[in-house]
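Below is one structure; the comments refer to it alone.
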Amino acid sequence: METLQFLADGFASALQWQNLLFAFVGVLIGTAVGVLPGIGPMSGVALLIPVTATLTSGQDPASAATSAIILLAGVYYGAMYGGSTTSILLNTPGESSSVVTTLDGYQMARQGRAGAALSIAAIGSFVAGIVALVALVLLAKPLSEVAIKFGPAEYFSLMLLGLAAVSGLAGKSMTKALIMTVLGLLLATIGMDNVSGVARFTYNVPVLYSGLEFLTVAVGLFALGEVFKTVLHRDYGGGEIIKVGRVLPTRQDLKESAGPIARGSLLGFFIGVLPGAGATLASFFSYIMEKKLSRNPEKFGKGAIAGVAAPESANNAASGGAMIPLLTLGIPGSGTTAILMGALIMYNVQPGPLLFEDHPGVAWGLIASMFIGNLMLLVLNMPLVKVFAKIIETPPKYLLPIIIAISVFGVYAVQYTTFDLLLLIGCGIAGYFLAQNDYPLAPLVLGLVLGPMIENNMRRALTASNGDFSIFLTKPISLAFLLVAVLWLLVPLLLKLRGKKVIINEEA
Amino acid sequence: MKFNSWKWKPVVAALAAAAAMSALTACGEGGGSGGSGSYPSKPIVVVAPSGAGGGWDKTARSLTKVLGETKLVDKTMTVENKPGGGGAVFMAEYATQDKKNPYRLFVSSPPILINNLKKEGNSPYGYKDATPLAQLTKDYGAIVVRADSKHADIQSLMADLKADPTKVTVAGGSAPGSMDHLITVLPAYKAGIDPKAVKYVSYDGGGEAIAALLGGNADAIGTDISSASEYLKAGKVRVLGITSPERLGGDFKDVPTLKESGIDAEFTIWRGVFGPKEMTDDQKAYWAEKLQALNDSDAWKKELAANAWEPEFKGSDDFAAFLGEQEKMIQELLTALGMAK
């Protein structure tokens, strides 16, 4: 009951006109930030901190902190909504968490179903946002206790499961998927190793110390690869312009998406709670889960609406889940929440175990505003769908240069180095040839994201156990993840040996 | 007009960026007397050699904001982020291309020394390739355990480490050979334990390290006191020792320094501002005057308090001398770890 009272106070504070305005400005900027590749949620929030400091300077400290955090959090989850737009329309993921959305989203757009894809992404994000918030209100304390028990061994096994599962993302061949996964892991070793401090494959080139930037590789492989394909294959030659069909999803679409949205929301929330695991992993996992559960797995990768609904719900729910370790323990689960935490500290509000006791107004005001902000996002995004969906009708001779410009601008805005522009072009060329030869790109990207995390957690676990590998088997949660991972790889092989047709080969 | 729907996107980005910039640099054109001569005659860039949002970035943004608002510097000051290699990427460019450019300053902290001294992934350039202008803030290291830990003081932790280093897991928020690691092994090294034998697990950032401590995945962590204070207040952790020369006040008034516990170890985590290697005396005098005035201003004191930064001001010469001493100490520690260049 006490919780409800606090929540009611939170709504009272979030519904003040200036806070409504702050929430609106936040989600509006967040949507823009999400749409533009290059300005990710992290730099978006960081750039706005000084602006909010100026805007709130007239208020008393406590309400200034509440207003500022409402705006900044709005940018954060607004960006999660917006991130899907370029993935779906241009095959250009703006954030790592929307990479997997390109797989089916872009295919839907090419079939003239961009409107349905965009609106299901918005609806899924909304539902996920609300689910995550309800869970946040009810489960924050107990979950934070569980989340910190998650040690290096558990993380290692969870991520290994992620990689094993990614073989299910593949197109025609599991072998090719595994090759790409390993290639991603290899690329991930470039740079300064975080555990030993050794520089690997850097050849004394300073730009390589921090490794290959994930965004550059992903945008190159997906967006530029697609541009090269269109140019080389003269896809535009026919002058045929893709028509946008209906903007809203059909009843059938909604029916097909309901399950994926519900499952994606829950899965995303729980993965988001784990510090460090984050939205990317959540989106991949939920996509793979839907593909496994689906009665028509062969539709995935060819424009299945569940392949958009599930990951978009999951990444939004994960951003809600990530608020739990931040608000209850002061432990940021991602780069963006780390910056949100910095913003709170600027207002003398220290996120940590005492936040709910010392500053209940700020904490509950924020939670309440997230309910309102999610609603605003839905209202804001549904009309925008119509506008955005028109982009797909642009003739390729205009659209392709725009995609290239956005890719180059986006990458340069993040990295500020010409090296990354060369890498972008290199990845574009590689992406074209790989896609031509049926090598799936998503496993490479996931390998690149998970590589350092897998490696670091494995060695953290081994350092703690003095080099004893049995630590991965003696921890029950870790053992469970490992068993599932092994089954994931073995079962299709065994089925194949027994002469049965394996699901992933049906696509051929 | 099919492109109409497109146009607003770059515009929004430009607006957001412009709003951020103007808020940062909203300084008047009038007022403020120059040190001498015509310097500065152009806008000044302060580089944070990291991405947006980190400690360097926040220091750079606060510095430019207050210098502008108080009209101490009447030229526009902007912050530029130059991420990569823990500052090494920026230093390589700065020390070679900007060594005579007094319109680019940068913000740094002990990693500028550490990166230059360690064997792997080192930066060929260090603080001697720049002009230290002033130290602005300080922080100290802390050795922290869980509140229910069996270690009540630093001696008992050291005794366990000495008895069997494989039984104690210590952690920190950065790579081996970097600052958290040095802070973590410093007391052990000074207490006569081989720092190479200490089992150090590195996490991505202080937050993850605290999570590992609270979740029971580490027995002790090395961190900075500003990150530890909230957990101390909440009664979740116990701070066994801090690396300050004297006992601190406030939340840390009951925490002994390492020196009090009989371990002769000190480490100051400073943040300061640097200029290019070749600066004229006029330019140095200009910044000496301006940064001293900044340190004396109320606006800066407010900014420090808002960020929970401890002020400590050292002018150019004192700062350079202090850096020389700290460099020696880091060199010694890295050599003991077998990680020196």
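The values are calculated or read from the model by the stated rules, or taken from the named source; none is laboratory data. All values derive from a computational prediction rather than experimental measurement. Here the Cβ is made from the backbone with ideal geometry for all residues, glycine too, and neighbour counts use every protein chain on show.
Remarks
- Exactly one residue among B:101, B:115 is over 20 Å from residue A:466 (Cα atoms), among the polar types (S, T, N, Q) and buried (at least 22 other Cβ atoms within 10 Å of the Cβ), and that residue is B:115.
- Residue list for the range B:244-259, restricted to those being touching a strand residue (DSSP E or B) at 6+ places or on another chain (Cβ under 8 Å) and over 19 Å from residue B:318 (Cβ atoms): B:247, B:248, B:252, B:255, B:256, B:257, B:258
- Segments classed as helices (runs of 4 or more DSSP H), wholly inside the range A:350-463, with at least 1 members that are surrounded by fewer than 20 Cβ atoms within 10 Å (Cβ to Cβ) and of a type in the set (Asp, Glu): A:355-358
- Residues (in contact (Cβ under 8 Å) with a residue 60 or more places away in the chain and within 14 Å of chain A (Cβ to nearest Cβ)) located in the range B:83-103: B:86, B:94, B:95
- Candidates B:233, B:199, B:162, B:150, filtered to the one that is more than 21 Å from the chain's Cα centre (by Cα) and at pLDDT below 90: B:233
- Filter result for residue A:301 (over 26 Å from residue A:18 (Cα atoms), away from every other protein chain (no Cβ under 11 Å) and touching a residue at least 60 places away in the same chain (Cβ under 8 Å)): yes
Residue-wise test of (1) part of a strand (DSSP E or B); (2) out of contact with any Asp or Glu (no Cβ under 9 Å at 6 or more places or on another chain); (3) in the same structural domain as residue B:48 (by the TED database).
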position	(1), (2), (3)
B:91	no, no, yes
B:95	no, no, yes
B:105	yes, yes, yes
B:115	no, yes, yes
B:120	no, no, yes
B:124	no, yes, yes
B:131	yes, no, yes
B:144	yes, yes, no
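- From the options B:335, B:268, B:257, residue that is within 30 Å of residue A:349 (Cβ to Cβ) and either among the basic types (Lys, Arg) or over 18 Å from the mean Cα position of the chain (by Cα) (or both): B:257
- Subset of the range A:139-191 that is in contact with a Gly (Cβ under 6 Å, 6 or more places away or on another chain) and either in contact (Cβ under 8 Å) with a residue 60 or more places away in the chain or not in a helix (DSSP H, G or I) (or both) - its residue that is farthest from the other protein chains (Cβ to nearest Cβ): A:181
- Breaking point among (1) in contact with a helix residue (DSSP H, G or I) (Cβ under 7 Å, 6 or more places away or on another chain); (2) under 22 Å from residue B:330 (Cα atoms), for residue B:252: (2)
- Number of residues in the range B:176-228 that are more than 10 Å from chain A (Cβ to nearest Cβ) and at positive phi: the value is 1.
- Taking (1) modelled with pLDDT of 85 or more; (2) assigned to a helix (DSSP H, G or I); (3) in contact with a helix residue (DSSP H, G or I) (Cβ under 6 Å, 6 or more places away or on another chain) in turn, residue A:289 satisfies each apart from (3).
- Taking the criterion of being over 24 Å from residue B:253 (Cα atoms) and in contact (Cβ under 8 Å) with a residue 60 or more places away in the chain, the only residue of the range B:202-238 that qualifies is B:216.
- Candidates A:310, A:304 - the one that is surrounded by 24 or more Cβ atoms within 10 Å (Cβ to Cβ), small (Gly, Ala, Ser) and part of a loop (DSSP other than H, G, I, E, B): A:304
- Residue check, residue A:345 in contact with a helix residue (DSSP H, G or I) (Cβ under 9 Å, 6 or more places away or on another chain), in a helix (DSSP H, G or I) and without any contact (Cβ under 8 Å) to a residue 24 or more places away in the chain: yes
- Looking only at residues of the range B:165-175 that are over 22 Å from residue B:264 (Cα atoms) and within 18 Å of the chain's Cα centre (by Cα), we find that the one that is farthest from the other protein chains (Cβ to nearest Cβ) is B:173.
- Residue in the range B:141-161 that is closer than 26 Å to residue B:310 by Cβ, of a type in the set (Ser, Thr, Tyr) and more than 14 Å from chain A (Cβ to nearest Cβ) present: no
- Any hit, the range B:178-188, residues being in contact with a Lys or Arg (Cβ under 6 Å, 6 or more places away or on another chain) and touching a residue at least 24 places away in the same chain (Cβ under 8 Å): no
- Residues in the range A:263-298 that are hydrophobic (A, V, I, L, M, F, W, C) and within 14 Å of chain B (Cβ to nearest Cβ): A:273, A:274, A:277.
- Some residue of the range A:375-392 being among the aromatic types (Phe, Trp, Tyr) and within 23 Å of the chain's Cα centre (by Cα): yes
- Filter result (assigned to a loop (DSSP other than H, G, I, E, B) and surrounded by fewer than 23 Cβ atoms within 10 Å (Cβ to Cβ)) within the range A:111-136: A:111, A:112
- Criterion violated by residue B:80 - all others in (1) within 10 Å of another protein chain (Cβ to nearest Cβ); (2) at pLDDT 85 or above; (3) crowded, with 18+ Cβ neighbours inside 10 Å satisfied: (3)
- Within the range A:411-428, residues that are among the charged types (D, E, K, R) reach partners that are surrounded by 17 or more Cβ atoms within 10 Å (Cβ to Cβ) and in a helix (DSSP H, G or I) with beta carbons closer than 7 Å, at six or more positions or on different chains, in the pairs A:420/A:216; A:420/A:411.
- Counting only helices (runs of 4 or more DSSP H) that sit completely within the range B:267-341, those holding 3 or more residues that are small (Gly, Ala, Ser) and within 14 Å of another protein chain (Cβ to nearest Cβ) correspond to B:298-306.
- Here residue A:79 passes the criteria (1) touching a Phe, Trp or Tyr at 6+ places or on another chain (Cβ under 7 Å); (2) more than 11 Å from chain B (Cβ to nearest Cβ); (3) of a type in the set (A, V, I, L, M, F, W, C) except the one numbered (1).
- Flag for residue A:172 being among the basic types (Lys, Arg) and modelled with pLDDT of 75 or more: no
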